[in-house]
1. Could you compute the net charge surrounding Lys189? Neighbours are other residues with a C-beta less than 12 Å from the C-beta of Lys189; K and R count +1, D and E count -1.
2. Where both partners of a DSSP beta bridge lie in the range 95-247, what percent of those bridges are antiparallel, to the nearest 5?
3. Let a ≥ b ≥ c be the square roots of the eigenvalues of the Cα gyration tensor of the range 79-158; is it rounded (a/c under 1.5), or, if not, prolate (a/b larger than b/c) or oblate?
4. Step through the residues of the range 120-130 one at a time and calculate ³J(HN,Hα) from phi using the Karplus curve (6.51 cos²θ - 1.76 cosθ + 1.60, θ = phi - 60°), rounding each to whole Hz and writing x for Gly and Pro.
5. Leaving out ligands, DNA and RNA, what percent of the accessible area of the chain is carbon and sulfur, probe 1.4 Å?
6. At a threshold of 8 angstrom on Cα-Cα distance, excluding pairs fewer than six apart, so keeping six or more, what relative contact order does the range 85-149 reach in percent?
7. So who's got an amide H within less than 5 Å of the one on Thr91, skipping anything under 5 residues away but keeping other chains? H placed 1.01 Å off N, in plane.
8. Roughly speaking, what is the centre-to-centre gap between the range 172-206 and the range 13-65 when only Cα atoms are used, to the nearest Å?
Amino acid sequence: MQVSAQINNYIESIPPGKIITYQDFRDLQKSKPQALAKALERLVKKQVLIRQAKGAFYRPKETIFGKVSPSDEELISFQTRKDDRVTGILTGQSVYLKLQIATQVPSTLTIASITPRKKQTVGKLQVQFVRSYVSSIEKEDIPLIELLEALRFIKKAQDCTPDEIVAAVGRKMKDLTEGELKRLVEFAKAYPPMVRALCGSLCETIPEGLAKPFLIESLRATLNPYTKYKLPISETILKNKKAWGIV
């Protein structure tokens with residue numbers, strides 16, 4: 001089958017608005033990379049495909065109002081995945097929206113990225129990138145990492161309080177399995193001391209059957225006992241906060 005026919009068949013098989021890259025044509029990329037590039041370029045000139053970014057394209061959806069760009073969800077997925085790997089996750093205000101403790105939609109989305117990236121415009125979205133403290137992200141671990149990200153940006157939340165954030169994260173942690181808690185603690189060790197202190201104090205509020213003492217002490221051992229973390233969190237929400245240096 002000719003290169004153009006293979007590409008056309010694939011494009012017709014996917015829904016409009018889905019972003020495609022050279023990786024979707026791995027066999028052709030290995031065997032006929034120049035023919036692949038030229039064929040995609042011809043489709044762009046014919047407006048069968050629209051170039052989203054370097055090496056990324058989409059088939060526009062035709063409506064009575066004209067051609068529709070990819071959805072925000074598709075654009076975010078494109079920014080946080082490469083091939084079959086997760087390269088980043090939404091963080092910042094988006095995490096508080098997901099926890100249902102905030103309503104304000106951020107004007108700029110924040111992505112915790114494994115690799116350094118510059119701020120950019122993606123479609124109609126403004127996206128900024130911050131460092132991911134987790135160097136390898138598995139899809140099933142994203143909910144755990146999001147809890148740590150919620151603690152990470154606790155001082156920058158726009159329309160929810162530190163008390164609400166800690167309470168929401170604490171509720172989620174109490175629903176975790178013993179294995180999930182263990183992974184959460186291991187992830188937390190890569191985060192700054194403030195996040196480790198908050199995670200450790202919340203672990204202590206979980207029934208001992210799940211949050212094993214050795215897990216809690218392994219976090220405590222990473223902290224300087226003389227360091228204090230100034231956070232406006234009430235003792236009603238976090239009764240043991242002083243034991244973890246939270247004042």
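The values are calculated or read from the model by the stated rules, or taken from the named source; none is laboratory data. Owing to the predicted nature of the structure, the values given are computational and were not obtained by experimental measurement. Cβ placement follows ideal geometry from the backbone for every residue including glycine, while neighbour counts extend to all protein chains displayed. Ligands, DNA and RNA are stripped out before the accessible areas are found, and what is left, the full protein with its side chains, is counted by its heavy atoms. Shrake-Rupley method; radii C 1.70, N 1.55, O 1.52, S 1.80 Å.
1. On the way: positive: Lys182, Arg183, Arg196, Arg220; negative: Glu186.
Its environment carries a net charge of +3.
2. Working: 3 of 10 bridges.
Around 30 percent antiparallel, to the nearest 5.
3. Working: a/c = 1.72, a/b = 1.15, b/c = 1.49.
Note, shape of the range 79-158 comes out oblate.
4. 8, 9, 10, x, 9, 9, 8, 10, 10, 10, 10
5. 52
6. Rounded, it is 35 percent for the range 85-149.
7. Placed amide hydrogens put Thr110, Ile111, Ala112 under 5 Å from Thr91.
8. First find each Cα centre; the distance between them is then 43 Å.
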